[in-house]
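Report on the structure given below.
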Amino acid sequence: MTYTKAWLNYEKMDDSPERICVALSETGPIADSIRRELQIAFEAMYGVAPIFADQTDKEALFVTFHCSKVHMYGEEGYLVKAVPGKITVESGGQRGLLYGMFAMLERLRMGEYAFTLAQTPSNPIRMLDHWDNLDGSIERGYSGNSFFFCNEEVTVTERIRDYARMIASVGINAVCINNVNVRGVAAELITARYRAPLVQLSRIFEAYGVKLFLSLNFASPKRIGGLDTSDPCDERVRAFWRERIADVFEGIPNFGGFVVKADSEGEPGPFAYGRTHADGANMLAEFARPYGGIVIWRCFVYNCQQDWRDTKTDRARSGYDNFIGHDGEFADNVILQIKNGPMDFQVREPVHPLFGGLKKTNMMLEVQIAQEYTGQQRHVCYLLPMFHEILNFRTFCGQESDTIADIVSGRTYGNRNCGMVAVTNTGDDENWTGHDLAAANLYGFGRLAFNTSLSAEDIARDWIRLTFGLNQKVLENVQAILMMSWPAYEKYTSPLGIGWMVTPHTHYGPDVEGYEYDRWGTYHRADHMGIGVDRTPAGTGYTAQYNEPNASMYANVETCPEELLLFFHHMPYAHVLKTGKTIIQHIYDTHFEGAEEAERMLALWRELQGLVEPASYMRTLARFENQAEHAKEWRDRINTYFHRMSWVEDEKGRKIY
Ligand code: GCW
């Protein structure tokens, strides 16, 4: 299947140097990738193949790469200096040269010839997690099938190299290729069965500075090891893992470690043996340590067999309750991977309280660019503004640098095993991400993880120009669409932080009570008087998991940020918000506005006919038309539900069914 070049779509530039000389004395796979990329880029942009030579006299463009082991920007950082005719790229390592080269190409593509770029990555680990299954399907995948797996085999294709190029160009340095729900033959990825293609795949990633990770099944000793237990403290189980893990690290070059979903949504874990998560994670980490390997242990642990009548149990509490007592017990090559919010990637959630709670544990922030709950890449929903808010959230953990960005970058506690990870949104669709504009989330996540101080607007601007070229109208309209998309999506879906009003299982489309009487702990508790979950000390007590002053801020209706009001409080519909509107009127108004904004995005896209490549224009137009219709469905389902519940009329007398 063919596929687009996404933001590596090197277009012909107006001005071309006559000759390009590149001085790069480094050798090895990454240096080869740099040469390869320069070849692709310069030929496409200037119609000139670069000449690799150490010296030059009167070339129009001379690019020099310097790698010195003690460079102030470190192994992954870079300093790029460009004046017309001459560019130098410096770093302390080849990965830094690679990133510097991509950064240089971005500027050149925007028609800039004199610039200085100096950057060290904010986060040590910048990772993408694929939820790809061995049969080729992707859990919560909205862009076709896997390009790693098909029919229980690992597929090694040219597309994987192009994927590696794309993600390296935005600074991603780790990829976990298989679903955290490790089912069926996926458990055998750590055995000889899949060794040969995994070695090939890992070599491809290595050439782009990306470490390969695998998700493992905690019950492997039983499932594939022939044992009758997977107890992490059992000697036979330990022997199994010692041998398996050594074999994987010794057999697969460039291997980074493992991702583990344990005791979560039915996946096996240490609880079955009366052991703790620290027991489980540390056992694996002990055997990975000699290889510099790490174990990434997910904190998405909650009771998914809840009785909806039970108002004491609160899923939001569970991550913190399960892990806080083990702070300081995890080995230093274990990282706890924590979702951005305490529930599950809703359009609006507070920041997970574990980030401010854990003081002696490595942490990584997990976000989801696969838009499971934010329109599934059929609706456009640019998530970078949300990620930006999350990173800037102050935890008040008692340290001077106390934002989420500080904690996961290692600034707060001086650690190196930390960073950011996204559940990724790619598949084998022609455009990689289902919706052409969803690629902005993939590009943007990488850029933000590399430099957490970038703004969502700046990232959007770069992505638009690299993808669609330099047309001003395209830039303005697409920028406007991206920046309005997350607020619009929030408006026409679930209000004020309450979450879950989606169709069960698929999680697409409105179903206000779809999860209300189910076992997943995701309730809004709406009745004829009001809606929301009381998570204050008088309710489930969740607010107390935050440090002060956040705990009081959330517990108090007056100071609780209103976009999260119903997450923290059960409120009457008649409650008056700071805008002067009642909650019920706010619900009606935002739903009418959100649906109008979806229409507006469609109109903005229509204006680009003839300015965007026709196939991309048509593909995206169809998605916008669908989104505008579907936003009306959301509007009407939500408004009708609350109208019937509350018996309150819309002040503006609009049509509510
Ligand atoms: O939100 C849930 C998803 C599951 C996913 C789980 C997780 C991989 O609906 O499909 O399983 O999150 O994060 O583990």
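List of remarks:
- Single condition Gly136 does not satisfy, out of (1) open to solvent by less than 10 Å² (accessible area, probe 1.4 Å); (2) of a type outside the set (Lys, Arg); (3) in contact (Cβ under 8 Å) with a residue 24 or more places away in the chain: (3)
- Contact map, region 237-262: residues that are assigned by TED's automatic domain parsing to the domain that holds Asn179 paired with residues that are small (Gly, Ala, Ser) and within 16 Å of the ligand (Cβ to nearest atom), Cβ distance under 6 Å, separation 6+ or inter-chain. Pairs shown: Val259/Ser215; Ala262/Gly269.
- Residue match in region 106-116 (condition: of a type in the set (A, V, I, L, M, F, W, C), in the same structural domain as Met72 (by TED's automatic domain parsing) and buried (at least 23 other Cβ atoms within 10 Å of the Cβ)): no
- Residue list for region 240-260, restricted to those being touching a helix residue (DSSP H, G or I) at 6+ places or on another chain (Cβ under 9 Å) and among the aliphatic types (A, V, I, L, M): Ile245, Ala246, Val248, Ile252, Val260
- Filter result for Thr426 (surrounded by 24 or more Cβ atoms within 10 Å (Cβ to Cβ) and of a type in the set (Val, Ile, Thr)): yes
- Candidates in region 543-570 are the residues that are over 26 Å from the mean Cα position of the chain (by Cα) and among the acidic types (Asp, Glu); of these, the one that is least open to solvent (accessible area, probe 1.4 Å) is Glu548.
- Residues (out of contact with any helix residue (DSSP H, G or I) (no Cβ under 8 Å at 6 or more places or on another chain) and either among the aromatic types (Phe, Trp, Tyr) or surrounded by fewer than 17 Cβ atoms within 10 Å (Cβ to Cβ) (or both)) located in region 577-595: Gly580
- Among the residues making up region 113-134, those that are modelled with pLDDT of 95 or more, out of contact with any Phe, Trp or Tyr (no Cβ under 8 Å at 6 or more places or on another chain) and away from the ligand (no atom under 16 Å from the Cβ) are Ala114, Phe115, Thr116, Pro124, Ile125.
- Entry remark, region 208-235: residues being surrounded by 22 or more Cβ atoms within 10 Å (Cβ to Cβ) and part of a loop (DSSP other than H, G, I, E, B) number 8 in total.
- Looking at region 20-128, the strands (runs of 3 or more DSSP E) lying wholly inside it that each contain 2 or more residues that are in contact (Cβ under 8 Å) with a residue 24 or more places away in the chain and among the hydroxyl-bearing types (Ser, Thr, Tyr) sit at 86-91.
The values are calculated or read from the model by the stated rules, or taken from the named source; none is laboratory data. Keep in mind it's a predicted model, so treat the numbers as computed, not measured. Reconstructed Cβ throughout: ideal geometry from the backbone, glycine too, with neighbour counts over all protein chains shown. Heads up: the accessible areas ignore ligands, DNA and RNA and are worked out on the full protein's heavy atoms, side chains in. Shrake-Rupley method; radii C 1.70, N 1.55, O 1.52, S 1.80 Å.
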